[in-house]
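One structure is given below, encoded as structure tokens.
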Amino acid sequence: MMSLLLAPTTSLLTPNNKDIITPNNLTQQHFYTSKTLASKALRLRNLLTSPRLEFIMEAHNGLSAKIVEETGFDGVWASGLTMSASLGVRDNNEASWTQVLEVLEFMADRTHVPILVDGDTGYGNFNNARRLIRKLESRGIAGVCLEDKVFPKTNSFIDGENQPLADIHEFCGKIAACKDTQSDPNFNVVARIEALITGWGMDEALRRADAYRKAGADAILIHSKNSNADEILEFCRLWENQLPVVIVPTKYWNTPTEEFRKAGVSLIIWANHNLRSSIIAMKDTCSKIHENESLIPVEKAIAPVSEVFRLQDADELKDAEKTYLNQPILEETVRYFVKPQEFHELLSTKGTDFYAGVPDSLLANFCSYVQQELPKENHVITANEGSAIATAAGHYLATGKIPCVYLQNSGLGNAVNPLLSLVDKKLYQIPMLVMVGWRGQPGRRDEPQHLRMGEITPEFFKTMGIPYEILPDFPEGAEKTIENAYSYMNKEKAPYGLLIPRATFADYPPPPAEPSLSDIHREEAISIVTRHVENNAAFVSTTGFASRELFEIREQNEEGHGRDFLTIGSMGHASAIGLGLANGQPNRPVYCLDGDGSLIMHMGSLVTAGQSGLSNFKHVVLNNGVHDSVGGQPTGLGDVPVTAMAQSCGYKTTLSVDKLEDLAGAVRELANSEGPAMLEVKLALGTRSNLGRPTSSPATNKADFMEFMKKN
């Protein structure tokens, strides 16, 4: 059942609305650099349709709007009465709509919560009203309330019974024009009914409410000048929640709020109380100063000047000046880099001594440094990015020190869960520096699997409500960025993102090569596997070098690529794709060419595959013990009995090979065995330097593969 809206106050969603951002969730820096989690219009829509009674509060300029937000209200009511009064004019449309827009722009700039505007009659007919909608949306306003009177209007509490109402059909046309004009589908048009004020009665109020609903209004504001709420409650009863109801209880202020809650009102607007209270305060202050010719009677009772500066956000400007003014002169012809050791030292001065993450090629030089120079207890290479966030969170809980997490942006999906349901400031408030290699950065050439993620990476951080900066590639810039990051993390107790473009870090020697697990090279292993399996077998190859090598093997043998699905992204999911294929075509052998890094990323897939009982699923794990394509960091799987794990998960056949002469026979045995079955091939390190990349597009690969799958 939909709820009713009340117009007496405006309110935005509070911290209790767990899916909505609140003013306390954001720093001023975030305010200036990114958009909030959801559009303001959507958040106002959530208030109007909330199953509980919501509240918004009046403001009339940027300062009062800021105070409303800081107090905890989830929305602001931009009152026509109080805005005109603050300008010193009457509430008779003496302030032009362009002057009102200027006030609204300041209010919207100073707040993160949605603003519902008192739009009077729309300042004319449908044409004026729809132009108003465009201007309100351009200033970030979430909704407008239009009253069914004629222009120019007079305040409803001044001889309201003598004021004419708009023709019902004309007002419906105005509503429809506004809804047709809005660009944001969540922008809200609230229709305000004056029939009770003018004495036209309940039947007319209900008739107009129904007409406005059919015209497209998002909510109904029912207005009354009575000192009791009887007619408001009667309207709610008869209206039966056909649209959200908003009320403004300025006159019937002594009615307990619980009465409105029981009646199904959606939103209450506290419509003018900030202005009215400030008038009393200003009169009292002026009187005391005038009478005493001194500030002594008032100084302790008024806000200090420092509070004015705080509300103006003077500190943000000071921080911005540090960032953007007095930048050192840099030689344009010199290419600068951030040295990994100096970057580590910079983080150390901030108290960070623990690192966790998944290696990335753009971060390879930094990863090489921390792997070689940090004690083992200060650096953990995790199975996936979500584990990195969780490991870092645990370290913070144990030490109170801000950790650093590193990952490629393609792994942000794995990290979202703990970022939003563990370390977020609405939950455990755990700060951490999140370094993200920015693959697919717009304007830079990259592989197709990185392009979409690269395009949306900044928005990804904005949507999560995590402020971020792009790490500059010169020392002075990097230092300023880190100052900003730690200032935020220490104050807000929340994560901060660093986007790392290609070639940001200076070279650092790679770690000494891990001992090879065998003398078999991955490319020759893949070649042998493809030659000794069934002719109708389908292949799924994991991301990284394996898919590139499989593609080149097919090219060299002039075999075509139709039977191979190249998992060029989606690290860790190749075996799940293979399992789905085996399930979909149980009579076709399906071979998954997996890697050790990919396997550990989502090792739970072993259980799923083992318990599936799919006899045609054959899992080939190419295990060299390192993340070969991103820098050679150890995966930790080199000494782990992979086949024993698979067997315990339900694989019916498990084989392991570390000698080239045994591989072909093992492949044939795998082909003849009942699945789920696994063959681990222990590999030597390294990849040939002239290895190419697939020349066909992912769309072509998909089409060819699906065509192959149609064949017997």
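Hey, quick one: spin label on ALA503, modelled 7 Å out along Cα-Cβ, who in the range 334-360 has an amide N within reach, i.e. under 16 Å?
334-339
May I ask for the net charge around GLY119, where only other residues with Cβ less than 10 Å from the Cβ of GLY119 are counted and Lys, Arg are +1 while Asp, Glu are -1? Intermediate results must be reported in sequence, preceding the final value.
Values: positive: ARG192; negative: ASP118, ASP120, GLU147.
The answer is -2.
Search the structure for amide H atoms under 5 Å from the amide H of GLU680, placed 1.01 Å from N in the peptide plane, and list their residues when 5 or more places away or on another chain.
Those lying under 5 Å, H to H, from GLU680 are VAL621, LEU655, SER656, VAL657.
Report, to two decimal places, the Cα Rg of the range 23-277 normalised by 2.2 N^0.38 Å (N = number of residues).
0.93
Where a ≥ b ≥ c are the square roots of the eigenvalues of the C-alpha gyration tensor, would you call the range 522-709 rounded, which needs a/c under 1.5, or, failing that, prolate if a/b is larger than b/c, or oblate? Mind showing how you got there, number by number?
Values: a/c = 1.36, a/b = 1.07, b/c = 1.28.
Verdict is rounded for the range 522-709.
Hey, what do the phi angles of the range 177-190 turn into as Karplus ³J(HN,Hα) couplings, whole Hz, using 6.51/-1.76/1.60 and θ = phi - 60°, x for Gly and Pro?
Calculated HN-Hα couplings, in order: 4, 5, 5, 5, 8, 4, 8, 8, x, 8, 4, 10, 10, 9 Hz.
Once you list every other residue whose beta carbon is under 12 Å from the beta carbon of HIS223, what net charge do they have if Lys and Arg are +1 and Asp and Glu are -1?
Local charge sum for HIS223: 0.
May I ask you to list the lysines whose Cα is less than 26 Å away from that of LYS491, ignoring any residue fewer than eight positions away on the same chain?
LYS18, LYS35, LYS40, LYS66, LYS318, LYS322, LYS350, LYS401, LYS425, LYS426, LYS462, LYS480
Would you work out which of SER306, PRO340, ILE280 lies farthest towards the positive end of the dipole of the range 238-346, given +1 charges on the beta-carbon of Lys and Arg and -1 on that of Asp and Glu, about the Cα centre?
Ranked along the dipole, the leading option is ILE280.
Charges on Cβ only, +1 for Lys and Arg, -1 for Asp and Glu, centred on the Cα centroid of the range 522-709; of GLY580, SER689, ILE568, which one is farthest towards the dipole's positive end?
GLY580
As a test, work out the antiparallel percent of DSSP beta bridges whose residues both lie in the range 23-277, rounded to the nearest 5. Don't jump to the answer; show the numbers that get you there.
Values: 1 of 27 bridges.
So the antiparallel bridges in the range 23-277 amount to around 5 percent.
Could you give the distance between the Cα centres of the range 146-210 and the range 66-118, to the whole Å?
Going from one Cα centre to the other spans 20 Å.
Report, by chain and number, residues whose modeled amide H sits under 5 Å from the one on PHE565, excluding near sequence neighbours (fewer than 5 apart, same chain).
PHE539, VAL540, SER541
So if each residue of separation counts as 0.36 nm, and I subtract the Cα-Cα distance between ASP662 and ARG139, what length gain in nm does that give? Working shown, then result.
On the way: separation 523, 0.36 × 523 = 188.28 nm, distance 7.08 nm.
The ASP662-ARG139 span can extend by a further 181.2 nm.
If Rh is defined by the Kirkwood formula over all Cα pairs and Rg also comes from Cα, what ratio Rg/Rh do you get for the chain? Walk me through the numbers before you get to the answer.
Values: Rg = 32.6 Å, Rh = 29.7 Å.
With Rg and the Kirkwood Rh in hand, the quotient comes to 1.10.
Any aspartates and glutamates with Cα under 12 Å of the LYS135 Cα? List them, leaving off those in the same chain fewer than 8 positions away.
In chain and number order, the partners are GLU102, GLU105.
So if R0 is 35 Å, what FRET efficiency would SER277 and ASN490 give, r being the distance between their Cβ atoms, rounded to the nearest 0.05? The partial results should precede the final answer.
On the way: r = 36 Å, r/R0 = 1.02.
According to the calculation, E is roughly 0.45.
Roughly what % of Cα-Cα distances in the range 455-558 sit above 22 Å, to the whole percent?
Percentage above 22 Å: 61.
Return the percentage of antiparallel bridges among DSSP beta bridges fully within the range 340-500, rounded to the nearest 5 %.
On the way: 0 of 19 bridges.
Of those bridges, close to 0 percent are antiparallel.
Report the charge-dipole magnitude of the range 340-500 in Debye, nearest 20, computed about the Cα centre from +1 at each Lys and Arg Cβ and -1 at each Asp and Glu Cβ.
On the way: 13 positive and 18 negative charges, 100 e Å.
The calculated dipole for the range 340-500 is roughly 480 debye.
Filter the cross-link list LYS618/LYS682; LYS153/LYS214; LYS174/LYS214 down to pairs whose alpha-carbon distance in this structure exceeds 21 Å.
Working: LYS618/LYS682 17 Å; LYS153/LYS214 25 Å; LYS174/LYS214 12 Å.
The answer is LYS153/LYS214.
What's the whole-number percent of alpha carbon pairs in the range 340-500 lying beyond 23 angstrom? Don't skip to the end; give the middle numbers.
Numbers: 3952 of 12880 pairs.
Cα-Cα pairs of the range 340-500 separated by over 23 Å account for 31 percent.
Would you mind counting up the charge near GLU447? Only other residues with Cβ under 14 Å from its Cβ, with Lys and Arg at +1 and Asp and Glu at -1.
Working: positive: ARG439, ARG444, ARG445, ARG452, ARG502, ARG548, ARG693; negative: ASP360, ASP446, GLU455.
It works out to a net charge of +4.
Please go through the range 427-492 and write out the trypsin sites (Lys or Arg not before Pro) that DSSP classes as loop and that have at most 11 other C-beta atoms within 10 Å. Mind showing how you got there, number by number?
Details: sites: ARG439, ARG444, ARG445, ARG452, LYS462, LYS480, LYS491; in loops: ARG439, ARG444, ARG445.
Loop-located and lightly packed - ARG445.
What's the center-to-center distance, using Cα atoms, between the range 651-673 and the range 261-318 in Å?
Answer, in whole Å: 80.
Check which residues have an amide H placed less than 5 Å from GLN441's amide H, if you skip close sequence neighbours.
Close amide H contacts, sequence-distant or interchain: none at all.
Can you work out ³J(HN,Hα) from phi for every residue in the range 674-679, in order, using Karplus 6.51 cos²θ - 1.76 cosθ + 1.60 and θ = phi - 60°, giving whole Hz and x for Gly and Pro?
So the J values, rounded to whole Hz, are 8, x, x, 9, 10, 10.
Given R₀ = 51 Å, what would the calculated FRET efficiency be for ASN672 paired with SER361, taking r from the Cβ atoms and rounding to 0.05?
Working: r = 39 Å, r/R0 = 0.76.
It comes out at approximately 0.85.
Charges at C-beta only: +1 for Lys and Arg, -1 for Asp and Glu. How large is the resulting dipole of the range 522-709 about its Cα centre, in Debye rounded to 20? Write down the numbers at each step before the final one.
On the way: 14 positive and 21 negative charges, 62 e Å.
Dipole about the Cα centre, nearest 20: 300 debye.
What dipole magnitude, in Debye to the nearest 20, does the chain give about its Cα centre under +1 on Lys/Arg Cβ and -1 on Asp/Glu Cβ? Please report the intermediate quantities before stating the final value.
On the way: 67 positive and 87 negative charges, 229 e Å.
The calculated dipole for the chain is roughly 1100 debye.
How high is the relative contact order of the range 182-323? Use alpha-carbon pairs under 8 Å, at least six apart in sequence, and give a whole percent.
Rounded, it is 16 percent for the range 182-323.
Going toward the positive end of the dipole of the chain, with +1 on Lys and Arg Cβ and -1 on Asp and Glu Cβ, which of LEU325, LEU663, THR49 do you reach last?
The residue sitting most towards the positive pole is THR49.
Nearest 500 deg cm²/dmol is fine: what mean residue ellipticity at 222 nm does the chain get from its DSSP H runs of n ≥ 4 alone, each adding -39,500 (n - 2.57), divided by its residue count? If you can, show how the numbers build up before the last one.
Values: 28 runs with 306 residues, N = 712.
Calculated from helices alone, the mean residue ellipticity at 222 nm is -13000 deg cm²/dmol.
Convert each backbone phi in the range 101-113 into a coupling constant with the Karplus relation 6.51 cos²θ - 1.76 cosθ + 1.60 (shift: θ = phi - 60°), then list the ³J(HN,Hα) values in order as whole Hz, x for Gly and Pro.
4, 5, 5, 4, 4, 5, 5, 5, 5, 9, 9, 9, 7
Rule-based calculations on the coordinates, nothing more; no lab input. Everything numeric in this text was worked out from a predicted model, so none of it was measured. With ideal geometry, Cβ positions are generated from the backbone for all residues, glycine too; neighbour counts draw on all protein chains shown.
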